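Below is one structure; the comments refer to it alone.
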Amino acid sequence: MRLFKKVMAVGLASTMVLSMAACGGGSTETTAAATTAAQTEAKAEETKATEAAETTAAAAAEATSDFDASNVKVGISIYKFDDNFMTLYRTELERYLVDDLGFSKDNITIQDGKGDQAEQSNQIDNFITSGVDVLILNLVQASSAPQITDKCKEAGIPVVYINREPDAEEEERWASEGINATYVGCDARQSGTFQGEEILETSNKGDINGDGKVSYIMIQGDPENVDAQYRTEFSVKALTDAGVEVNELFKQRGDWDQAKGQQLTQDALTQFGEEVEVVFCNNDAMALGALQAIEAAGRKVNEDIYLVGVDALTEAVQNVLDGKMTGTVFNDHIAQAKSAADIAVMYLKGEAVDPVNMVDYRKVTTENAQEVLDALK
Ligand code: GAL
């Protein structure tokens, strides 16, 4: 908001200068003289602005070099360690904090929330009592954010929420009450839309049997999670927005888990057989499970069934390359970890932080799978 005001003020000032120049009348000579004077003045202003910008940049550089991360204590809690994607994320987060930002590994504590909000809340209480300087939290239940935020606020500890987005009302509260809390993640609507587009990009737009509609099954993550809700909704919306008729045969929660993804897909294939044309999975772990069930049922991806996931786990990207998955979507854990850590540092330096910080997803199809695979190494 503060930034917006500043931009507005600068915008208004330049509009005023422009309109003042435009209003100037008089003879051609006077106008020419006025123009030269205005140009000289503008040049002087420009030089002043450049100098000011240089001073600010120098100050920022000095502040960065002054910042000593080595004694800063960081508390990190992951909703559960037993999650493929969050394991990649947590590994990258720790690596970036230590290798790139100079935090000491001994000052970083990472706890396993074990999928239990009560347990995770206890861990967070302990972090607060032990006097950590900043918290990076991947909540078990995003709905616990208000209580946890209040505790952190009282203790004067800034908090960076990651991966599981608290609701908009809570995020607005941080901004309106000036609370040092923020969210770093991705807009899950985008990942759902990309999944739908990957189906639309196939030769028959997902309608393998040519009956005029796309019959699909939906394997969902944890439905309390906005990622699961949006991916479910927007993958199908991409089809209907493109004028494609859809037919939902089956929708069940697989809680982001490979074994559950396999079981559910097996159940759906047993029940609906050939009718199933598309398998939408809210993440890659479940898509890997779905692929096991698809192969066990003697079906062939990209020939008699389509399969899409989200995350870009190495194995899934390899499957895309090998034609065993139609596509996936890169849930960029590298950029998200970097952003979360950089924002934690901004808090530590007393800088202003936006309440919501989004990183883009990226579509992964056979065309770019090799490139994505190389980037993941
Ligand atoms: C999603 C990710 C899932 C799972 C989930 C946990 O963004 O796609 O694989 O890790 O976060 O909240």
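The values are calculated or read from the model by the stated rules, or taken from the named source; none is laboratory data. Small disclaimer: the values here were computed from a predicted structure and weren't measured. As a convention, Cβ positions derive from the backbone with ideal geometry for all residues, glycine included, and neighbour counts pool all protein chains shown. To get the accessible areas, we keep the full protein, side chains included, count just its heavy atoms, and leave off ligands, DNA and RNA. Shrake-Rupley method; radii C 1.70, N 1.55, O 1.52, S 1.80 Å.
Miscellaneous remarks
- A single entry from ASP360, ASP311, ASP332 fulfils the requirement of being surrounded by fewer than 16 Cβ atoms within 10 Å (Cβ to Cβ), out of contact with any Leu (no Cβ under 6 Å at 6 or more places or on another chain) and among the charged types (D, E, K, R): ASP360.
- Contact map, region 164-191: first residue without any contact (Cβ under 8 Å) to a residue 40 or more places away in the chain, second residue away from the ligand (no atom under 16 Å from the Cβ), Cβ cut-off under 6 Å, separation 6 or more or different chains; pairs are GLU170/PRO146; ILE179/LYS153.
- Note on region 81-93: residues that are buried (at least 17 other Cβ atoms within 10 Å of the Cβ) and more than 18 Å from the chain's Cα centre (by Cα) amount to 0.
- Hey, ALA352 open to solvent by 50 Å² or more (accessible area, probe 1.4 Å) and either touching a residue at least 24 places away in the same chain (Cβ under 8 Å) or in contact with a helix residue (DSSP H, G or I) (Cβ under 9 Å, 6 or more places away or on another chain) (or both) or not: yes
- Scanning region 268-293 for residues that are open to solvent by 40 Å² or more (accessible area, probe 1.4 Å) and either of a type in the set (S, T, N, Q) or within 22 Å of GLN229 (Cβ to Cβ) (or both) yields THR270, GLN271, GLN292.
- Selection status of GLU154, assigned to a helix (DSSP H, G or I), at pLDDT 95 or above and more than 16 Å from the ligand (Cβ to nearest atom): yes
- Within this structure, ASP125 fails the test of being of a type outside the set (A, V, I, L, M), open to solvent by 10 Å² or more (accessible area, probe 1.4 Å) and within 25 Å of the chain's Cα centre (by Cα).
- Test: GLU224 is open to solvent by less than 10 Å² (accessible area, probe 1.4 Å), in contact (Cβ under 8 Å) with a residue 24 or more places away in the chain and of a type in the set (Asp, Glu): no
- Residues located in region 158-178, provided they are of a type in the set (A, V, I, L, M) and open to solvent by 10 Å² or more (accessible area, probe 1.4 Å): ALA168, ALA175
- Residue check, ILE110 touching a Leu at 6+ places or on another chain (Cβ under 9 Å) and either surrounded by 18 or more Cβ atoms within 10 Å (Cβ to Cβ) or among the polar types (S, T, N, Q) (or both): no
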